[in-house]
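S.K.: Dropping a structure here in structure tokens format, bear with me for questions.
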Amino acid sequence: KDILVGILLGDGHIARRSPNSNSRLVYAKTAIAHKEYFYYVLSFFLPFCVKDYKPYSRITKDNRTNKTYSAISFTTMQLPCFNVYREIFYKLNTKIVPENIKELLTPRGLAFLIMDDGSRQGSGLHLNVYAFSNEDIDKLIFTLQTKFNFKCSIHYNKDKKPRIYIFKESMVDLITLVKPYFIEEMLYKLGF
């Protein structure tokens, strides 16, 4: 559950074909360089996939930049266990940060969020949470400040999109908290 929360704040999505159907987890990575991490995430959700499941690889074109990317993804079966997360992480088919994120986000979940959407920035760390509204980002910052005691603020990228910055003063505590859940391939996001 805590991994699911982390990836839903990152690159994961929960899809539902109709209001009466069960939901399924969809997870994709465009950076094939992070294939090991993709398969690490898949290993936790493989029991929710059909027997002998194989991930889907494809080539995609970003119409904004006109660049071509390789992507890999997996999709679970439609199951009732994902309905709960669909209800709390979506409002009118838009992914949101739930009101109870403070209870949901664990150190392990935070590690997966960072492996998905974190990037080292100087002596600190950015959480590239571009898909969320300012209100949702405020909920995340509040959780990081009150639950984990991190010093953080909002920074804007060159496209004026907000992201969360965790200050260098909090990096030792952050690393201590999340490093046990990182795989070696992703440790560079923590500065290793």
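S.K.: Give me a count of the residues in segment 52-102 that are surrounded by 15 or more Cβ atoms within 10 Å (Cβ to Cβ), part of a loop (DSSP other than H, G, I, E, B) and polar (S, T, N, Q).
M.R.: Within segment 52-102, residues that are surrounded by 15 or more Cβ atoms within 10 Å (Cβ to Cβ), part of a loop (DSSP other than H, G, I, E, B) and polar (S, T, N, Q) number 2.
S.K.: Evaluate segment 44-51: report whether one residue or more is within 25 Å of Thr94 (Cα to Cα), out of contact with any Pro (no Cβ under 7 Å at 6 or more places or on another chain), touching a residue at least 60 places away in the same chain (Cβ under 8 Å) and crowded, with 17+ Cβ neighbours inside 10 Å.
M.R.: no
S.K.: Right, here's the next one. Identify all residues within segment 96-144 that are charged (D, E, K, R) and in contact with a Leu (Cβ under 8 Å, 6 or more places away or on another chain); write none if there are none.
M.R.: Asp116, Asp117, Arg120, listed by residue number.
S.K.: Starting from residues that are charged (D, E, K, R) and in a helix (DSSP H, G or I), keep the ones in segment 25-48 and report whichever is modelled with the lowest pLDDT.
M.R.: At the first step, the residues of segment 25-48 found to be charged (D, E, K, R) are 29, 35-36.
Remaining after also requiring in a helix (DSSP H, G or I): 35-36.
On the way: Lys35: 87, Glu36: 92.
The extreme case among them is Lys35.
S.K.: Which condition number does Asp116 fail, the rest of (1) within 17 Å of the chain's Cα centre (by Cα); (2) part of a helix (DSSP H, G or I); (3) of a type in the set (D, E, K, R); (4) surrounded by fewer than 19 Cβ atoms within 10 Å (Cβ to Cβ) being met?
M.R.: (4)
S.K.: So, in segment 132-149, exactly how many residues are open to solvent by 10 Å² or more (accessible area, probe 1.4 Å) and in contact with a Ser or Thr (Cβ under 9 Å, 6 or more places away or on another chain)?
M.R.: Adding up the residues that qualify gives 4.
The values are calculated or read from the model by the stated rules, or taken from the named source; none is laboratory data. These numbers come from a predicted model, not from an experiment. Glycine also receives a Cβ, built like all others from the backbone with ideal geometry; neighbour counts cover every protein chain displayed. The accessibility values were calculated without ligands, DNA or RNA, using every heavy atom of the protein model including side chains. Shrake-Rupley method; radii C 1.70, N 1.55, O 1.52, S 1.80 Å.
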